[in-house]
Amino acid sequence: MSTFDVFTVAGSGMSAQSVRLNTVASNLANAESVSTDPSQVYRAKHPVFQAAASTNGNKASTAVNVLGITESTAAPDSRYDPGNPLANSDGYVYSPNVNVVEEMADMISASRSYQNDVEVMNSARNMLLDTLKLGQS
Amino acid sequence: MPLDINSYLGIHAQALMVESRRTELLASNLANADTPNYKARDIDFKQALAAAGASSGTSLALQTTQPGHQSTEAGASAAAEPGVEYRVPMAPALDGNTVDEQLEQSAFAENSVRYQATLTILNSKLRSLMTAITGS
């Protein structure tokens with residue numbers, strides 16, 4: 001049993017949420033990146049999280065692993081825009097399947113979770129520092 | 001008559017260990033707030049304290065000589081952890097995650113205050129002991 005594992009767990013949580021924030025930023029930045037070819041167009045990226053069993057046998061601490069980044073398999077939108085230099089022969093361009101509202105909600109959730117992990121880390125650090133002061137005046 | 005430090009510190013030392021364990025569990029819950037199929041866990045204080053009080057110094061551990069042997073020490077298997085239970089979720093989630101961030105945050109805050117309170121009590125007990133020893 002080690003309360004120091006809290007730092008590992010909170011750190012992995014912060015790292016995972018920041019990967020999530022990165023993907024949100026990428027999706028929002030590329031929301032308007034159109035392409036001629038539907039197989040080449042940008043697809044929304046989402047991270048996959050997994051709970052990681054503790055490596056030192058501590059059953060109370062479960063860190064987060066980012067298994068990888070998956071790309072959305074939903075069909076890209078096409079819209080009629082013959083004036084666009086990237087339009088195909090029929091005048092259609094394909095735009096990414098990024099749902100901006102979903103991404104903003106994701107961003108809010110990721111930043112809340114990140115703040116929670118920071119608070120956990122600060123509290124655990126204060127608790128341990130106070131424990132070290134036991135017996136002193 | 002020698003002083004038994006365990007009985008002098010009493011239940012507070014065990015309470016501190018249970019609270020520290022609870023900190024780890026709640027931190028794991030908060031870190032895994034977005035992990036699919038993660039089930040939130042917490043400690044039932046009453047059960048955990050009762051088990052900690054009952055097992056201090058009186059448990060017999062099975063002798064293990066090979067890695068595959070089972071042990072009866074507390075913490076050796078997930079089922080043997082006294083008081084660790086799964087949280088009942090208030091609302092179902094599509095991805096199977098049962099962590100309610102607000103609930104976990106408030107539990108974490110409460111646990112921090114309990115931990116500080118226990119530390120204060122332990123500190124005052126130790127200071128009284130020191131005063132008795134040094135006489136000043």
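The values are calculated or read from the model by the stated rules, or taken from the named source; none is laboratory data. None of these values were measured; they are calculated from a predicted model. Neighbour counts run over all protein chains shown; Cβ positions are idealised from the backbone, glycine included.
Quick look at the numbers
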item	result
Residue, surrounded by the fewest Cβ atoms within 10 Å (Cβ to Cβ), within the range A:113-137, restricted to residues that are farther than 21 Å from residue B:106 by Cα and not basic (Lys, Arg)	A:137
Any hit, the range A:44-51, residues being over 22 Å from the mean Cα position of the chain (by Cα) and surrounded by fewer than 17 Cβ atoms within 10 Å (Cβ to Cβ)	no
The range A:1-32 - residue that is small (Gly, Ala, Ser), touching a strand residue (DSSP E or B) at 6+ places or on another chain (Cβ under 9 Å) and within 30 Å of residue A:88 (Cα to Cα) and, of those, farthest from the other protein chains (Cβ to nearest Cβ)	A:31
Residue within the range B:10-29 that is at the interface with chain A (Cβ under 9 Å from one of its Cβ atoms), of a type outside the set (Asp, Glu) and more than 24 Å from residue A:131 (Cα to Cα) present	no
Elements of type strands (runs of 3 or more DSSP E) in the range A:33-137, at least 1 residues being within 23 Å of residue B:26 (Cβ to Cβ), within 12 Å of another protein chain (Cβ to nearest Cβ) and at pLDDT below 95	A:45-52, A:63-71
Residue match in the range B:39-61 (condition: in contact with a Lys or Arg (Cβ under 6 Å, 6 or more places away or on another chain), modelled with pLDDT under 60 and exposed (fewer than 13 other Cβ atoms within 10 Å of the Cβ))	no
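Rundown of residues vs (1) within 21 Å of the chain's Cα centre (by Cα); (2) within 12 Å of another protein chain (Cβ to nearest Cβ), yes/no style:
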| residue | (1), (2) |
| --- | --- |
| B:85 | yes, no |
| B:91 | no, no |
| B:107 | yes, yes |
| B:110 | yes, yes |
| B:118 | yes, yes |
| B:132 | no, no |
